[in-house]
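Pasting a structure here, questions to come.
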Amino acid sequence: MKYILNGRIRADLVLGGDAEAILRFVTAAKAALGDGFSLRDRTLTDFSAEVETMLSADGLRAYLFTLDGAAAGGMEFDILPEKAPASAIERIDALVGSPEYKRLMHELYSVAPLTRKHATFDVFSCRCYLFSIGAGRGLTTALELFADLLYETGLFRFGEGRRVREAVLPAEEKNEGELCELVTEGFGRGHVICVDIGEWTDRLYDGAFRRFLAKIEDYATDNIVVFRVPFLEDDALEALRRSLGDILTVRAVSFEPLSPAELRECARRSLAAVGYGMTDDAWAAYDALIEREKSDGAFYGINTVNKVVREMIYAKQVYDAADGTDDCIIKTEELSALCAAAEYDARSGEAILDSLVGMEQVRARIEEIAAQIEYAKQSGIERPTLHMRFVGSPGTGKTTVARALGKLFKERGILRRGAFFERSARDLCGKYVGQTAPRTAEICRDAYGSVLFIDEAYALYKGDRESDPFGMEAVDTLIAEMENHRGDLVVIMAGYPDEMETLMQANPGLESRMPYVIEFPNYDRDALYRIFMRFCEGKFTLGEGFAEVVRDYFDALPQAVLDGKNFSNARFVRNLFERTYGKATMRTRLEGGSVPTLTKEDFRLAGSDREFAGMMAKKTNKMGFTL
């Protein structure tokens, strides 16, 4: 039997002067058990070891007390049977998600005894596989577990070296036969070979690709061949499987993207593996960090989750080091720097909306919508759809309000989660045929119980259904998701008024499913001034006359600027504020100071930069002289 042995001695004996008790016992145990005793770790008061012996756990405990220092030293022992390494099928079952892959692995596991009994190994080995799986979804892990299962069940005899080899098929064949050389020079014999053919999914009948498949057929019985493509909708994946099936026997396996709950479970396991956990509030911060990672369209699943977990652990350790504390439960306040980068605001939705400048009409409209939904819920009336259109110029607060709306609706019991997911229109569109619908559905699935904000949504449709099939597929998928989850998802499409009207023509059902239209007018001069001063509050000391100069600048902005379609409103103000404190910071450094004060001269210098000074030249009245 193999055991894990953990032993400890009373600390008072060590403090009393017997600092060698653990060392004497370990030495005695090594002498008595020989190679059956392997020390893992030792301190003054405890040790851990691996023990292999014919004795039972009780027999081993009794024997250990006969060794030098055990009884006299008040030694205590924990003896645990060493667990055998988990089998491949057990590790496969422990994976998060991947039900279709698990079914295939169990099928192979159950067939293996018959294959061995009848020696029909060639029937199995000539089969190929088509994995439809997104980036960061665990392809390498799936391949390695596949290989381990084949090895443990005896279904396949592996050659020398690594069991799994991965390759990417080049997008173009520069020289004839180049793709075939990838097979003849890279495959070898006795491996699980995975080839990414994603760049060829729309050129399956190209001569170079057909020659590549024919060459694979020559090597298929000596290797287990897996083709990899991005996650595709079922019809597109089946069409691809049939095309490959002209030459090879192919089994398609789809790896659905992990849900937010499954990604959380991956994060929880990563934390637990190093002895950490998180408070409920910290999990909300984790959700915001993951949302931020997804916002640029480059999210790599489990890999990104593990990256975020490592960043959270390090942020906590930095906080603990400065605070003089040490525990393994991550709290929200320990993640302040990470949360700031993710624009995570711990305030309530009500508080965020109350803090916004110039949003009185918008706020009143939101309260009207919320009241209608709450009344329907309380009265048993059919709940109205929640989807909305936010129309207005850039920088008018559409994103900020949408973010607060999710929190407000959760606080009012309208939404389950109240999280906020921001995507651009093109994030919904795939690169290959059959990729758009599952990508759009995945984005919607992430946002169930929350707000999905699609900025510049009009980019999906510009008046011609035939010109952008990917955009139309995204619209059609969105409409289905909006209808099927009308009570558990708020889709907000944002953009310019005219372009949003054009978008509504993309599908007859789109406008009726987005009945709420909230208009975001350009800010007036007073609101722009107040927004600028809000940026300054609590961050900088303001010099004499600073506020007056700022007021004069915004009062002088021409009406043509304020009414302009491309005026960026609060973004313009933010840029001017950042330029101002940039000037102040540089001046303070040159003067040998450390904490800048914003002066009216700093503001004037910032306002004289070309992009800001140019605003003053945009006047509607005629300029020059008349004769």
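The values are calculated or read from the model by the stated rules, or taken from the named source; none is laboratory data. Because the structure is predicted, anything quoted here is derived from the model rather than measured. Ideal geometry is used to build each Cβ from the backbone, glycine not excepted, and the neighbour counts take in all protein chains shown. To get the accessible areas, we keep the full protein, side chains included, count just its heavy atoms, and leave off ligands, DNA and RNA. Shrake-Rupley method; radii C 1.70, N 1.55, O 1.52, S 1.80 Å.
So how strong a dipole does region 131-254 carry about its Cα centre when Lys and Arg Cβ are +1 and Asp and Glu Cβ are -1, to the nearest 20 debye?
For region 131-254, the charge dipole is close to 320 debye.
Mind listing the long-range amide H neighbours of residue 249? Cut-off is under 5 Å, sequence gap 5 or more, other chains count too, H placed in the peptide plane at 1.01 Å from N.
128
Then there is this: Need the full-extension length gain, residue 259 to residue 119, defined as separation in residues times 0.36 nm minus the C-alpha distance. One decimal, nm.
46.3 nm
Quick one: Karplus J couplings for region 579-584, per residue in order, coefficients 6.51, -1.76, 1.60, θ = phi - 60°, nearest Hz, x for Gly and Pro?
5, 5, 6, x, 4, 5
Whole-Hz Karplus ³J(HN,Hα) for region 45-51, in order, using 6.51 cos²θ - 1.76 cosθ + 1.60 and θ = phi - 60°, x for Gly and Pro?
Running phi through 6.51 cos²θ - 1.76 cosθ + 1.60 with θ = phi - 60° gives 10, 8, 8, 9, 8, 9, 10 Hz.
While we're looking at this one, here's another question. Per-residue ellipticity at 222 nm for the chain, helices alone: DSSP H runs ≥ 4 residues times -39500 (n - 2.57), over residue total, nearest 500 deg cm²/dmol?
-14500 deg cm²/dmol
When the gyration tensor of the chain is built from Cα positions, what are the square roots of 5 times its three eigenvalues, in whole Å, from largest to smallest?
In descending order, the three semi-axes are 56, 40, 24 Å.
Mind counting lysine pairs for me in region 297-443? Cα separation below 24 Å, and the two need to be 8 or more apart along the chain or on different chains.
9
If you take the Cα Rg of region 162-244 and divide it by 2.2 N^0.38 Å, with N the number of residues, what do you get?
Output field value: 1.06.
Which percent of the accessible area of region 40-181 is formed by carbon and sulfur heavy atoms (probe 1.4 angstrom)?
52 percent
Which one of 36, 298, 207 is farthest out on the positive end of the charge dipole of the chain, using unit charges on Cβ (Lys, Arg +1; Asp, Glu -1) and the Cα centre as origin?
The one lying farthest along the dipole's positive direction is 298.
A follow-up question, please. Accessible surface of residue 479 in the full protein assembly, 1.4 angstrom probe, to the nearest 10 Å²?
About 20 Å², rounded to the nearest 10.
Assigning unit charges at the beta carbon (Lys, Arg +1; Asp, Glu -1) and nothing else, what dipole magnitude in debye, to the nearest 20, does the chain show about its Cα centre?
420 debye
Next question, about the same structure. Quick one: which residues, 5 or more positions from residue 517 or on another chain, have an amide H under 5 Å from its amide H? H modelled 1.01 Å from N in the peptide plane, none for Pro or chain starts.
Close amide H contacts, sequence-distant or interchain: 389.
Largest first, how would 191, 118, 106 line up by accessible area (1.4 Å probe)?
118, 106, 191
Run the quick spin-label model on residue 371 and residue 544: label points 7 Å from Cα toward the beta carbon, then report their separation in nm to one decimal.
With each label placed 7 Å out from Cα toward Cβ, I get 5.0 nm.
In whole Å, how far is the Cα centre of region 127-152 from that of region 228-298?
With region 127-152 and region 228-298 each reduced to a Cα centre, they are spaced 14 Å.
What net charge is computed for the residues neighbouring residue 226, neighbours being all others with C-beta under 12 Å from the C-beta of residue 226, Lys and Arg scored +1, Asp and Glu -1?
+1
With the contact rule set at Cα under 8 Å and sequence spacing of 6 or more, what percent relative contact order holds for region 466-591?
Across region 466-591, relative contact order equals 23 percent.
Over the chain, what is the mean sequence separation of C-alpha contacts under 8 Å (at least six apart), divided by residue count, expressed as relative contact order in percent?
Result for the chain is 10 percent.
Could I ask something else about it? Quote the charge dipole size of region 243-283 about the Cα centre in Debye, to the nearest 20; the model charges only the Cβ of Lys and Arg (+1) and of Asp and Glu (-1).
Its charge dipole is roughly 160 debye.
Could you calculate the FRET efficiency of residue 488 with residue 141 from 1/(1 + (r/R0)^6), where r is the beta carbon distance between them and R0 is 45 Å, rounded to 0.05?
Calculated value: 0.90.
Something else about it: Give the accessible area for residue 313 in Å² (nearest 10); use a 1.4 Å probe, count only protein heavy atoms, and leave out ligands, DNA and RNA.
The accessible area comes out at roughly 20 Å².
Calculate, for residue 379 and residue 31, the FRET efficiency according to 1/(1 + (r/R0)^6) with r their C-beta to C-beta distance and R0 56 Å; round to the nearest 0.05.
Approximately 0.10, to the nearest 0.05.
Still on this structure, I have one more. Rank-order 563-569, 179-185 by packing density, defined as the average count of other C-beta atoms within 10 Å over each peptide's residues, highest first.
Taking the mean over residues of other Cβ atoms within 10 Å, the ranking is 179-185, 563-569.
Just name one of 94, 279, 553: the one whose Cα is farthest towards the positive end of the charge dipole of the chain (beta-carbon charges, Lys/Arg +1, Asp/Glu -1).
Sorting the options by dipole projection puts first 553.
A further question follows. For a protection proxy built on the mean count of beta-carbon atoms within 10 angstrom, sort 23-29, 223-229, 508-514 highest first, please.
Averaged packing, sorted descending, gives the order 223-229, 23-29, 508-514.
How charged is the neighbourhood of residue 248? Take every other residue with its Cβ under 13 Å from the Cβ of residue 248, and add Lys/Arg as +1 and Asp/Glu as -1.
+3
Based on the mean of other Cβ atoms within 10 Å per residue, sort peptides 486-494, 520-528 so the most packed one is first.
Ranked by mean Cβ neighbours within 10 Å, highest first: 486-494, 520-528.
Here is a follow-up. Between residue 613 and residue 65, what is the label-to-label distance in nm when each label sits 7 Å out along the Cα-to-Cβ direction?
Label at residue 613, label at residue 65, 9.2 nm between them.
Can you tell which of 497, 428, 366 lies farthest toward the positive end of the dipole of the chain, using +1 and -1 charges on the Cβ of basic and acidic side chains (Lys, Arg; Asp, Glu)?
Of the options given, the answer is 497.
Relative contact order for region 25-65 using alpha-carbon pairs under 8 Å, separation at least 6, rounded to a whole percent?
Contact order relative to length: 28 percent.
Just to be sure I understand the model, the point goes 7 Å from the Cα along the line to the Cβ. What's the resulting residue 249 to residue 58 distance in nm?
5.5 nm
Under a 5 Å amide H to amide H cut-off, with H placed in plane at 1.01 Å, what residues pair with residue 491 once short-range neighbours are removed?
Here the answer is 387, 388, 452, since their amide H atoms fall under 5 Å of that of residue 491.
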